[in-house]
1. Taking the Cβ of residue 141 as the centre, find all other residues whose Cβ is under 14 Å away and add up their charges (Lys, Arg: +1; Asp, Glu: -1).
2. What dipole magnitude, in Debye to the nearest 20, does the chain give about its Cα centre under +1 on Lys/Arg Cβ and -1 on Asp/Glu Cβ?
3. Given the -39500 (n - 2.57) contribution per DSSP H run of 4+ residues, what per-residue ellipticity at 222 nm results for the chain, rounded to the nearest 500 deg cm²/dmol?
4. Go through 133, 167, 155 and say which Cα lies farthest out towards the positive end of the charge dipole of segment 81-171; charges sit on Cβ, +1 for Lys and Arg, -1 for Asp and Glu.
5. Helix by helix through the chain, keep the DSSP H runs that span 27 Å or more along the axis on Cα and average at least 0.0 on Kyte-Doolittle, and give those back in order.
6. State, to one decimal in nm, how far the label point of residue 69 lies from the label point of residue 172, with both points 7 Å from Cα in the Cβ direction.
Amino acid sequence: SGHYPTLDFVASYAYQEPPVLSSSAINNSSFYEGQIGVQLNVPLYTGGAVSSRTRQATYSFQQAQDQYEAARLDTVRNTTDSFRTVNAKIDEIKAFQQGKKSAEMQLEANEAGYQVGTRTIVDVINAQNQLSLAISNLNNSRYDYLLTTILLKRFAGTLAVSDLESMQKQLQ
């Protein structure tokens, strides 16, 4: 804007009283004076400062646009990645639930076999360990699902206090 002409409206108003101790009786009157006008400034060349500030403002604006676009792309990427992770965790939970059912059935079969003498106590203990591992894997997967769901909502901008309260209830 430093290169463009400017048009300004100017006005002034003044009041003058005669001096108190004046020896001249001729100029002993007070008067009011008012002026209005328009002032046009046309800069021919004001040095390199205006050009430099203009370039700096242009570069700062471009930098802000680049930072905005980078943040927007990061948000899109993070949201997409979190969405995919949430869907993968859902499938993982289903798989671990099936693994838990399988481990429960294996434990029941080993316990029944132990009762009739076809399995040993070691087989039963191994089946119990497998069930414990399956339960642990399922719980870890559920925990990861909750965390990735919270991240997804955060990146999407929909995270609310009620989401955190719901997560707290599920963890108890």
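Since every read-out is calculated from the coordinates, none of them should be taken as a lab result. Quick caveat, the model's predicted, so the values are computed rather than measured. No Cβ is skipped: glycine too gets one built from the backbone with ideal geometry, and neighbour counts run over all protein chains shown.
1. After counting each charged neighbour, the total is +1.
2. Using Cβ point charges on Lys, Arg, Asp and Glu, the chain gives about 460 debye.
3. -25000 deg cm²/dmol, from helical runs alone.
4. Going by the Cα projections, it comes out as 155.
5. Length and hydropathy pass: 121-156.
6. Calculated label separation equals 4.9 nm.
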